[in-house]
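This report refers to the structure that appears directly beneath it.
The values are calculated or read from the model by the stated rules, or taken from the named source; none is laboratory data. None of the values given here were measured: they were computed from a predicted structure. Cβ atoms come from the backbone with ideal geometry, glycine included; neighbour counts cover every protein chain shown. Accessible surface is based on the protein model in full, side chains and every heavy atom, while ligands, DNA and RNA are left aside. Shrake-Rupley method; radii C 1.70, N 1.55, O 1.52, S 1.80 Å.
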Amino acid sequence: VAIFAMVGCRPAETPGTGTTPTAATPAPDTKCPQIKSTVIENVYEDAYERNDKKEGGIRITLTFDEDIVGDWSCILNKDNWTVTVKNSTRQTQAFKDGKSITPTKVERVGTAKNKIRILASVVEESVGKAAYGLICNEGDAEQYGNFLGLQDYQRPSVADTVTVKLKSVCDVYDALGNNCCGLQVEACCAAVCEPVQIPTGCPLPK
């Protein structure tokens, strides 16, 4: 990549007599760590693994805009998190209304202090059968329909909306002690362009 610098395009300006430029004072940091990125995905390699494992395994990666100092023991306790999966075009009313799921594990990602990963299990049972995992694209919708023995027109037409919530008993604070009690974020599990009208606008990519 070439970078070109243009010099001398504009004559230097001399401040007026008696005028002393003053540097703006940066605003103090008073915010607790905020979630800047949410990545939601199935952990299966293929449809066979999804069906064989029967775990409905999903992975949610949260990246914050600054390092978290604490309270890590509370943040990493899976019982302090709730994951809700909602999709008005799934088969059962529980998922149409928003199915609450308890994570199986919450962990830090490597040595990063601003990133955590939540693992959870999603299973929907209908007509005596079960479908596993999230619906994030047309392939997932097709597998979902196959597992439940649905006709093409019965398959989901939108991707799942996932809400992740940390209980208010947990403090999330930065190095300056700025803290928030609990957190909540909502996102489509599909990789789609912003803006997305949640919870009704999660397109189903191919």
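A few comments on the model shown:
- Segment 44-72 residues that are loosely packed, with under 14 Cβ neighbours inside 10 Å, paired with ones that are among the hydrophobic types (A, V, I, L, M, F, W, C) (beta carbon under 8 Å, 6 or more apart): Lys54/Val123; Lys54/Ala130; Asp65/Ile35; Asp67/Ala175
- Of Gly182, Gly149, all but one fail to be at positive phi and under 20 Å from the mean Cα position of the chain (by Cα); the exception is Gly182.
- Index of the failed condition, Asp67 passing every other in (1) assigned to a loop (DSSP other than H, G, I, E, B); (2) farther than 24 Å from Val169 by Cα: (2)
- Selection from segment 93-104 of residues that are in a loop (DSSP other than H, G, I, E, B) and open to solvent by 30 Å² or more (accessible area, probe 1.4 Å): Thr102, Thr104
- The condition of being part of a strand (DSSP E or B), acidic (Asp, Glu) and surrounded by fewer than 18 Cβ atoms within 10 Å (Cβ to Cβ) holds for only one of Glu142, Glu124, Glu107, that being Glu107.
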